[in-house]
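A short write-up of the structure that comes next.
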Amino acid sequence: MSRGLTEKIRRDVLGSKRPKGFDPDAPVDQVYENLKEIYKATFKPVEEHYRFADFFSHVLSDSDIEAKPFVLLLGQYSVGKTTFINHLLGQDKPQGYPGANVGPEPTTDRFVAIMQGGAHDRILPGNAVSAAQDKPFKGLQAFGNAFLQKFVCAETQAEVLKSMTLIDTPGVLSGEKQRIGRNYDMSEVCKWFAERSDLILILFDAHKLDISDELKEVMANLRGHDDKIRIVLNKSDQVTPKQLMRVYGALMWNLGKVLRTPEVTGIYISSFWHRPYAEPGAVNQELFDSEKNDLFSDLGNIPRNAALRRVNEIVKRARLLKAHALVCATLKKMMPTMFGKEKKQRELLDNLDVVFHAVAQEHSLSQGDFPEVEGYRKKLRNWTAAGQSLSALPSMHKDLITKLDKALNNDVPLLIKPLAAEPIAPARLPYMYDDEFDSPKNKASEDREQAAATRPDASSSVSSSERPGRDG
């Protein structure tokens, strides 16, 4: 990065000289502007030289960097993903988002990005959305027309959409059905959205806790995004308190075998729709209201952390870029100039983990900065199968790597300073049970509360203090 750009960012952050159009009340906007400048001046040239798009993802556009936070919803069919989104939209959209279908059978057969729109609701087809310069979906073109025909953008107006974009996904089917009609890679598409999401909600139905092979594959591709994942046990009011404890334990057991993380995964227990709680679990209304409020608070805090997370994601991308660049240069350097190229190429690909270790030691890199070995080996083999050779990989460009290091060590830390002092209001979500948002109670729910208070088995309800919590 040039010295002039570094000094400009320093002035913008420290306030010694404010650029034309600088809003003193909007330092977050200035962070995004400076982040775009850093990316274009420093990271983008490295990505283009080392063909980053051929191995990972396309060059970022301005809309990718300044996009609203994504909230990705995953789960098997009929677990309530679309109903959950409609519940989030609240009183603004009682009929749900444009094109929403709800039913016990698989109804959502496509990926839907629900975004804030204009005065009239509309649905934009995937090919048009991916080509739009003001939408952050250009990277989806890599999945081809087969996927884009199964992707739409639903534009509508709702309070929550002013702060975030919601991503509804097709229900993951079980057994052979999950392979029929899928002419795109479901897990890779979900991985693309997960990389760009600020929060990932995985929904389960209290009556359907099985995790299909395809859902396991999708969840396996979420590794590295553990801090974004929240588990939602939906329709919890349809089982009794005793059954709920068993369901909770079974879900924890199933998740432990798939996620394989040492930390306890956060699970929110409630029923996320506008109707009163069902009779079997009505005695747990206090728990369900508390859990719903906790999850909505988590969602509402996304705008507070969006700028920091965006800086963090760009830094992660830059560290991966540096590791990729050094590995490419090393592989090219180790290839013979004339004879034995094919044999050496096979040897290098078979021992790619050794190459990673050697690069990490030589350049003092963390192993966590490198891509997953098997996935990277597969991409390199696809590269060579297309007629390329490891000898054709880009060579070392020390000036580009030096500029990248300077940006990571000097320029990026300056971006974070104004965020610490910027009070960002949380997003307004429906039905947050506190002084500002009253619980949506009706006569039926009030009657059940009174009945629960006098019911002999009321003491058997699961309270939020008794249930194993998200903190362990």
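The values are calculated or read from the model by the stated rules, or taken from the named source; none is laboratory data. Treat the numbers as computed from the prediction; the structure is a model and nothing was measured. Cβ sites come from the backbone with ideal geometry, for glycine too, and all protein chains shown count toward neighbours. Note: areas computed on protein heavy atoms with side chains; ligands, DNA, RNA excluded. Shrake-Rupley method; radii C 1.70, N 1.55, O 1.52, S 1.80 Å.
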Pairwise FRET efficiency - SER212 versus ARG346, Cβ, R0 = 25 Å, nearest 0.05 = 0.10
So ALA128 and TRP253, fully extended at 0.36 nm per residue minus their Cα-Cα distance, gain in nm 40.7 nm
Distance in nm between pseudo-label sites at GLU286 and HIS58 (7 Å out along the Cβ direction from Cα) = 5.3 nm
Taking 0.36 nm per intervening residue step and subtracting the Cα-Cα distance, what contour gain separates GLN95 from GLU372 on full extension?
-> 95.4 nm
What ranking of LEU414, LEU308 comes out by heavy-atom accessible area, probe 1.4 Å, highest first?
-> LEU308, LEU414
Separation of the ASP298 and MET334 label points, Cα + 7 Å toward Cβ, nm = 4.2 nm
Mean Cβ neighbour count within 10 Å, used as a protection proxy, ranking 71-80, 319-328, 138-147, 357-366 highest first = 71-80, 319-328, 138-147, 357-366
